[in-house]
Every structure is written in structure tokens, then in C-alpha cells.
Amino acid sequence: MTMLVERLDLPTASARERSRRDTEAETVQFAQAALVAAKRDGLRLAVRARYVALAVIACLLLVINPSWKEQLYYVVLLGLFALIGWGQVKVGRLGVSRPELALLFCDLALLTFIAVVPNPFSSEHWPVAMQLHFGNFIYFFVLLASATLAYSWRTVIAMGTWTSVLWIVGVVWVWWQPDRAPELTARILAATGHDHRLFDLISPNSITFGARLQEIVVFMIVAVTLAIAVRRANDLVIRHAAVERERGNLARYFSPNVVEQLSTNDEPLKQVRTQHVAVLFVDIVGFTAFADARTPEEVVRTLRQFHALMEQEVFRHSGTLDKYLGDGLMATFGTPFTGAADASNALRCAQAMMAAADRWNGQRKAAGEAPLRVSFGLHYGPVVLGDIGLTCLEFAVIGSTVNAASRLEALTRALDCALVASDDLVTRAKAEFGNSDAAFRPLEAQAPQATRGLEHPIAIWTQPRTGGSGQN
């Protein structure tokens, strides 16, 4: 087999450095994509929550504001909040967005305006300070809670800070307003005497600075607490993205059903164990001569097409792509966990690969390119599984079964056939699916063959090349 690395002659250190940079870039890319998706979904959820909250508040207005003029005024303001929410979805994106921050500030400024400025359509002409007696500050918590669904922890803290500043400005503005009912204030002061706390509680002109300070302090405590929760949630999103990336990496080697098993199995792969598996070797015959007569770009393009076809069949038949071997590959069936049809899956996979290679060669002939011969070797037996290496780990499948499968693939040249399978594999496959299965019809029994590396001759079955197989 020809190793492509030998042709490219890349320095090992440079390759490792590029691999490390690529891994870091992929991690950042996955995290960014996860955060973007979380931000998009969070914004939509926050706006839906806003619409529900506005609808509930609109219904509440019927109870706390019996005058239809007052209700109409607040309904218009609720419509502005809905419009701001719609705008936040339109301009929202990951990272710092000035339009998005401007809309957040408009949210808080509008709510501050509603909380401190009397309703111009109200029939009552109470002192302005009465606005602070209605407890409207609690509506800021609605905006803060919805922000945790879509924004970063920094933005949540910023909202707490902006709210505090705007509320202080609003309270100062109220304090600056003249007393609209000085006679009422004087009568209340006379009634309360020297009890200033009681006067602050019942006087319509009292601002009660202590209560306003308490509102700000409690709001900031809640904002910081929610910011911490948002940060933890973002960390979970990033970790989830890392898990999905790991699943994606597993999917490059294992079939989807095996990936699902690995993701739910708590037993580590690095635990060394022995089990029976089917091993498949695939190789392009005479690829060295083919590559020497063509440009590196054409060689790589051909290998990519070939590997894509073979890889597809491995995963379709519940196999594991163990490794690429230049112009070939090694696949296993029954790793990391054994199944009820490992040997038959391996045989059917090899035959599906043969059919795919025939179709590929037909396309190559139609394009004026030379067809390629592909050979297959199959064996079933015990192997040792586990991680090998120290810093650069590899999940390895080793043992005489692997060596035998490789030797059987090489034996296809001497026997002039496309596939050589051991009797162990065929016997196991027949036990799984029965002798009548269509996969056994093309097979022909051969005399036992002496194979280098094996102590005794091994009984084999062969499958001839079809009419579409190329010659090289």
C-alpha cells in the first residue's frame, strides 16, 4: 500500500501544529455557532414572553385603571414596548450591537417615564410624588427577567446599572417638582407631629428616599444573581457544543448507531479487552504506478472520491472506520461493541463496496479515465481493543485477526479475484443469517492457503471480479 504522507513529505512538527490550530479553530467555531443559535432562540423566546406579559398587564389595566382614557394611554405605551421587542429581534446578534443596546436602553427609559410621570389623561391631579407610591418599580423586574433569556451576563449587569441610574434621575426629577397641594401637606404634617417616618409614609409629596434606595439595592442584587445564572447557562451551551463536536468527531469513525451507543455508555474505551470482531481491508491494486503517472492534485482527488464511496458503505453497514491506509482503508465490525450480525455486515459491506467501485469505474470510463481494481480481505476472530500511545492516543484494534485480514486482501492478486474471506468469517455469517442468504451465492470455496504470519493454512472463500471491475 502506498502512504500518501510519503508523497507529500510534510514535517511532523508542522503537521501537529496545524492540527492543533485546526482543533482550536473548530472548537471556537462550534462554540460561536452554539452561542449564535442560543442567542437567536433566546431572543425569540424573550419576545414571546414579552408579548404574553404585555397582554397580562393590559388585562390588569382594566382592574387598576377604571377610566378608559387612562387605559388607552397605557395601551399605547404597551404597544411601544411590543414594537421595541420586535426591533430587538431584528437587530439582535452575537457580540456587541449598538442598535440592540440602544433598544434596551429605550425599554428602560420608557418604563422610567411611565413610572415617574403622571398620566396626562388622569382626572386626578395628585402631587407628582404620588407616582412613587404606586409600586411601579416592580415592572423593571419583568424586563430584567426577559433579558436573561437572550443576553449575556454583562448585558444583564448593564441593565441593572442603567435602571439604577435612570431611577435615580427619575426620583430627582420628582423631588424637583413643586408641591401641588401645600395645604394638604401642612395638614398631614400637623397630624403626624414629629413622627417623620409616618409622615413619609402617608404624605402624597413624600419621596421616601430610603425606600427608593432599597429598590435600587435589591434590583442590583437580583441583576447580579441573574447575571451569574446567565454566565453558567452560557458555559453549559459551550460545553454542549463541545459534546456535539465530539459526537461529530466520533461520527467520522463510527456508524451513527455506534455513536449513539458511545454517547450513552459510561464505560471508557481505553479499558483494554478482547472480543471477536470482523476485520475488512480494502486496497486499490497498482495504485503506486497510477499515482506516479499523475499530478498530486489528481491523485488526491481520486483518493477522496474512492474513500468517500468506501466510507459510506462502512457506516451504512454499521461498521467502524478504523483508519485510512493511503489508497486503502481498514474497517471493523463489532467495535467498540459486538453485535448480532458483525460478520454478515462485514461481508455485505465488502460486496456493496465492490458494487460501488464498479459504478465508480463506469463513471471513470465515461470520463475517459482509467478504471481501478479494488481488492478486499475479510477475517473474523479475536482481537485486542484499547487506547495506545501516551500523549497522542489512538483507539487500536490489534492481533493476529487483523494481520490475517490484511494477508487475505493481498492474496487477491495471486488468486486473481476481488475478495478473499476466511472460512471463519463465512461460517460466522452463515450462523447469523443462514446459508440461503444472497450474500453467499457469489462465494466460491477454495483450498486452504498458507498465509505469512499464520501458523497453519487458512480455509478461504473467494468472490470473482465482475465485468465492471477495472484492470490496472
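The values are calculated or read from the model by the stated rules, or taken from the named source; none is laboratory data. These numbers come from a predicted model, not from an experiment. Here Cβ is always computed from backbone atoms with ideal geometry, including for glycine, and neighbour counts include all displayed protein chains. For accessibility, only protein heavy atoms count, side chains too; no ligands or nucleic acids. Shrake-Rupley method; radii C 1.70, N 1.55, O 1.52, S 1.80 Å.
Roughly how many Å² is the accessible area per residue of segment 402-459, as a whole number, for a 1.4 Å probe? Write out the running numbers ahead of the final one.
Details: 3100 Å² over 58 residues.
Counting only protein heavy atoms, the per-residue value for segment 402-459 is 53 Å².
For segment 282-344, what is the accessible area per residue in Å², given a 1.4 Å probe and the full set of protein chains? Could the numbers behind the result be given before it?
On the way: 2320 Å² over 63 residues.
In whole numbers, segment 282-344 has 37 Å² accessible per residue.
Please identify which residues in segment 134-158 have an amide N closer than 17 Å to a label point set 7 Å out from the Cα of LEU101, following the Cα→Cβ vector.
151-158, by backbone N distance to the label point.
Need one number for segment 63-114: average projected area of the convex hull over its C-alpha atoms, nm².
Numbers: hull surface 16.5 nm².
For segment 63-114, the mean projected area of the Cα convex hull comes to 4.1 nm².
On a C-alpha basis, how far is the centre of segment 179-220 from the centre of segment 47-115 in Å? Whole number, if you could?
After rounding, the separation between the Cα centres reads 30 Å.
Please sort by residue number the GluC sites (Glu not before Pro) in segment 63-165 whose DSSP state is loop and whose Cβ has at most 15 other Cβ atoms within 10 Å. Mind dumping the intermediate values first?
Details: sites: GLU70, GLU100, GLU124; in loops: GLU124.
Within segment 63-165, the qualifying GluC sites (Glu not before Pro) (loop, at most 15 other Cβ atoms within 10 Å) are GLU124.
In Å³ and rounded to a whole number, note down the convex hull volume per residue for the Cα atoms of segment 280-422. The partial results should precede the final answer.
Values: hull volume 17.0 nm³, N = 143.
In segment 280-422, the Cα hull volume divided by residue count equals 119 Å³.
May I ask you to order 108-116, 415-423 by the average number of other C-beta atoms within 10 Å around their residues, highest value first? Don't jump to the answer; show the numbers that get you there.
On the way: 108-116: 18.7, 415-423: 21.8.
Listed from highest to lowest mean packing, they are 415-423, 108-116.
State the percentage of accessible surface on segment 296-363 attributable to carbon and sulfur atoms; use a 1.4 Å probe and exclude ligands, DNA and RNA.
On the way: 1200 of 2350 Å².
The computed percentage sits at 51.
Taking 7 Å along the Cα-to-C-beta vector as the label spot, tell me the LEU213-ALA438 distance in nanometres, rounded to one decimal.
8.6
Could you give the size of the charge dipole of segment 121-229 about its Cα centre, using +1 on the Cβ of each K and R and -1 on the Cβ of each D and E, expressed in debye and rounded to the nearest 20? Kindly include the intermediate steps, with their values, before the conclusion.
Working: 5 positive and 6 negative charges, 53 e Å.
The calculated dipole for segment 121-229 is roughly 260 debye.
Hey, with R₀ at 60 Å, roughly what FRET efficiency would ARG301 and TRP86 work out to, going by the Cβ-Cβ distance, to 0.05? Could you put the intermediate results ahead of the total?
Numbers: r = 50 Å, r/R0 = 0.83.
The calculated FRET efficiency here is 0.75.
So, for segment 164-220, what is the accessible surface per residue at a probe of 1.4 Å, expressed in square angstrom?
Details: 3790 Å² over 57 residues.
Each residue of segment 164-220 exposes 67 Å² on average to a 1.4 Å probe.
Tell me, what % of the accessible area of segment 192-236 is carbon and sulfur with a 1.4 angstrom probe?
Values: 1920 of 2880 Å².
So the carbon and sulfur contribution to the accessible surface is 67 percent.
Per 0.36 nm of contour for each residue apart, how much would the distance between ALA55 and ARG239 grow if the chain were fully extended, relative to their Cα-Cα spacing? Could the numbers behind the result be given before it?
Details: separation 184, 0.36 × 184 = 66.24 nm, distance 3.63 nm.
Working it through step by step, the gained length comes to 62.6 nm.
Rounded to a whole number, what % of the accessible area of segment 97-183 do carbon and sulfur atoms account for, probe 1.4 Å? Show your work: numbers first, answer last.
On the way: 3070 of 4380 Å².
Whole-percent figure for carbon plus sulfur exposure: 70.
Can you list the lysines whose alpha carbon is less than 22 Å from that of LYS90, not counting same-chain residues fewer than 8 positions off?
Answer for LYS90, where 22 Å is the Cα cut-off: LYS39, listed by chain and number.
With a 1.4 Å probe and all protein chains kept in place, how do THR288, THR148 rank by accessible area, largest first? Show your work: numbers first, answer last.
Numbers: THR288 75, THR148 40 Å².
From most exposed to least exposed: THR288, THR148.
Could you please tell me the mean projected area of the C-alpha convex hull for segment 106-169, averaged over all directions and given in square nanometres to one decimal?
Averaged projected area of segment 106-169's Cα convex hull equals 4.7 nm².
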